[in-house]
């Protein structure tokens with residue numbers, strides 16, 4: 001999801017310079033895929049004009065140029081292929097273990113730490129999980145929350161630019177999540193086979209929507225003698241209410257079918273997500289996302305097996321607490337461009353980057369929130385660690401006892417030299433434009 005004012009995106013394909021979306025570009029990347037050529041992104045060419053190696057992946061609706069694994073931070077912050085260094089977030093501990101990308105096939109294998117099937121005759125009680133309750137010893141698999149964070153990142157729903165205002169709806173979110181799930185494999189099967197994300201509800205299309213939903217849910221019906229496959233749902237929660245037996249989880253865009261759970265789920269939700277639920281109840285503009293596995297009972301009622309919650313802002317940007325809500329809202333009001341950073345499996349007690357400003361020039365600016373639970377020694381250690389990953393010194397807000405500081409200036413404005421560390425041998429030379437290939 002990129003704005004209409006984004007900078008020109010150019011690639012070198014076998015010695016020819018191509019601008020994305022120009023006539024013949026699609027044919028050029030199809031040819032590159034067939035010939036197993038590596039396009040090079042020219043956002044940050046070196047002294048010899050060589051760009052950053054990419055690869056071409058085949059998707060359901062065509063071909064796309066993708067960054068090579070673990071190279072996102074090499075790109076300019078103005079480039080759509082830029083992503084923060086993985087070690088600034090919780091992604092770093094999962095790359096190469098829980099998340100393994102294959103540039104040859106274009107597939108990404110995901111290892112999950114939750115079950116996607118139910119053995120015949122075995123009871124499965126609903127479980128409310130956060131990273132702290134389902135992840136131990138720095139798990140090298142994706143928890144429910146970590147999987148949601150990963151898909152949100154892959155869908156670039158963590159990215160924000162002023163031009164996105166008013167354009168991000170549930171329909172947009174759903175479309176980008178489904179595209180992000182393409183070519184993702186778990187336990188040898190495509191993730192899309194088991195992923196349910198509700199369509200935008202329409203009274204006029206009610207019957208057609210219900211038919212598509214029931215056809216997809218049929219994959220989670222039980223068959224005697226074989227494990228029952230579970231569905232994975234990502235949806236916005238409307239309400240969680242007591243029912244005659246247990247409780248009902250009601251999601252938006254599915255007005256005629258609640259998801260059943262036993263009464264223990266409600267107690268576990270209150271315990272695991274007390275802070276998130278309190279924030280949601282007091283901030284009317286927030287959405288509450290749920291990622292859950294569910295099975296189809298013989299009665300045809302969907303029943304939740306495992307569930308995790310994630311609050312997001314009105315712009316669908318994930319937040320952890322009120323401090324991050326204030327930070328993100330101010331970034332949006334100030335019309336800044338940024339990437340919201342996510343924890344994945346990291347514990348909430350660990351200091352991580354909350355956001356990365358991408359409008360401060362070719363290098364990112366790291367934003368860190370120091371919460372009450374972080375003592376001075378831990379904060380100093382983590383600040384030094386983050387600085388070693390990405391200079392300059394991170395912007396830090398001690399949310400418990402100080403007013404939010406001013407943000408680093410946008411590119412072109414005055415530079416805050418008190419936070420600047422000079423890097424040596426970091427001059428980037430622009431590539432000389434070549435004549436475009438005829439295609």
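Within the range 77-90, can one find any residue that is surrounded by fewer than 19 Cβ atoms within 10 Å (Cβ to Cβ) and part of a strand (DSSP E or B)?
no
Would you point out the residue of the range 373-404, among those that are at pLDDT below 75 and touching a strand residue (DSSP E or B) at 6+ places or on another chain (Cβ under 7 Å), that is farthest from residue 336 (Cα to Cα)?
Ranking the candidates gives 379 first.
Listed residues 409, 414, 438; which is modelled with pLDDT of 60 or more, surrounded by fewer than 16 Cβ atoms within 10 Å (Cβ to Cβ) and part of a loop (DSSP other than H, G, I, E, B)?
Going through 409, 414, 438 in turn, the sole match is 409.
Based on what the data block shows, is residue 239 part of a strand (DSSP E or B) and either touching a residue at least 40 places away in the same chain (Cβ under 8 Å) or touching a helix residue (DSSP H, G or I) at 6+ places or on another chain (Cβ under 6 Å) (or both)?
Judged against the criteria, residue 239 is not a match.
Limited to the range 192-211, what total is found for residues that are over 28 Å from residue 98 (Cβ atoms) and assigned to a helix (DSSP H, G or I)?
Qualifying residue count for the region: 6.
Just the residues that are closer than 30 Å to residue 315 by Cβ and either outside any loop (DSSP other than H, G, I, E, B) or modelled with pLDDT of 85 or more (or both), please, taken from the range 21-48. Even if it seems obvious, please write down each step before you answer.
Step one: list which residues in the range 21-48 are closer than 30 Å to residue 315 by Cβ, which gives 21, 41, 43-44.
Selection gives 41, 43.
For the range 163-191, which positions are assigned to a helix (DSSP H, G or I) and under 16 Å from the mean Cα position of the chain (by Cα)? Break it down into steps so the answer makes sense when it comes.
Applying the first criterion (assigned to a helix (DSSP H, G or I)) to the range 163-191 yields 163-164, 170-181, 191.
Across the range 163-191, the qualifying residues are 170, 172, 173, 174, 175, 176, 177, 178, 179, 180, 181, 191.
How many of the residues making up the range 292-301 are in contact (Cβ under 8 Å) with a residue 24 or more places away in the chain, surrounded by fewer than 23 Cβ atoms within 10 Å (Cβ to Cβ) and in contact with a helix residue (DSSP H, G or I) (Cβ under 9 Å, 6 or more places away or on another chain)?
Residues flagged as in contact (Cβ under 8 Å) with a residue 24 or more places away in the chain, surrounded by fewer than 23 Cβ atoms within 10 Å (Cβ to Cβ) and in contact with a helix residue (DSSP H, G or I) (Cβ under 9 Å, 6 or more places away or on another chain) within the range 292-301 amount to 2.
Could you identify the single residue in 52, 29 that is buried (at least 21 other Cβ atoms within 10 Å of the Cβ), more than 20 Å from the chain's Cα centre (by Cα) and closer than 22 Å to residue 175 by Cβ? I'd like the intermediate steps shown before the answer.
Working: 52 fails: closer than 22 Å to residue 175 by Cβ.
Step by step, each of 52, 29 is checked, and only 29 is buried (at least 21 other Cβ atoms within 10 Å of the Cβ), more than 20 Å from the chain's Cα centre (by Cα) and closer than 22 Å to residue 175 by Cβ.
Test each condition in (1) surrounded by 19 or more Cβ atoms within 10 Å (Cβ to Cβ); (2) free of Cβ contacts under 8 Å to residues at least 40 places away in the same chain; (3) closer than 25 Å to residue 320 by Cα for residue 251 and report the one that comes out false.
(2)
Return the residues of the range 212-236 that are in a strand (DSSP E or B) and either at pLDDT 95 or above or more than 19 Å from residue 292 (Cα to Cα) (or both); say none if nothing qualifies.
Hits for the range 212-236 are 231, 232, 233, 234, 235, 236.
Within the range 320-351, work out how many residues are in a loop (DSSP other than H, G, I, E, B), under 12 Å from residue 152 (Cα atoms) and touching a strand residue (DSSP E or B) at 6+ places or on another chain (Cβ under 7 Å).
Residues that pass the stated criteria total 2.
Would you be able to say whether some residue in the range 126-135 is in a helix (DSSP H, G or I), crowded, with 16+ Cβ neighbours inside 10 Å and at pLDDT 95 or above?
no
When only residues in the range 353-372 that are part of a loop (DSSP other than H, G, I, E, B) and touching a strand residue (DSSP E or B) at 6+ places or on another chain (Cβ under 8 Å) count, which is nearest to residue 97 (Cα to Cα)?
364
Of the residues that make up the range 320-335, is at least one buried (at least 22 other Cβ atoms within 10 Å of the Cβ) and touching a helix residue (DSSP H, G or I) at 6+ places or on another chain (Cβ under 9 Å)?
No, because not a single residue in the range 320-335 is buried (at least 22 other Cβ atoms within 10 Å of the Cβ) and touching a helix residue (DSSP H, G or I) at 6+ places or on another chain (Cβ under 9 Å).
The values are calculated or read from the model by the stated rules, or taken from the named source; none is laboratory data. The structure presented is a predicted model; accordingly, all values stated were derived computationally and were not measured. We place every Cβ from the backbone using ideal geometry, glycine too, and count neighbours over all the protein chains shown.
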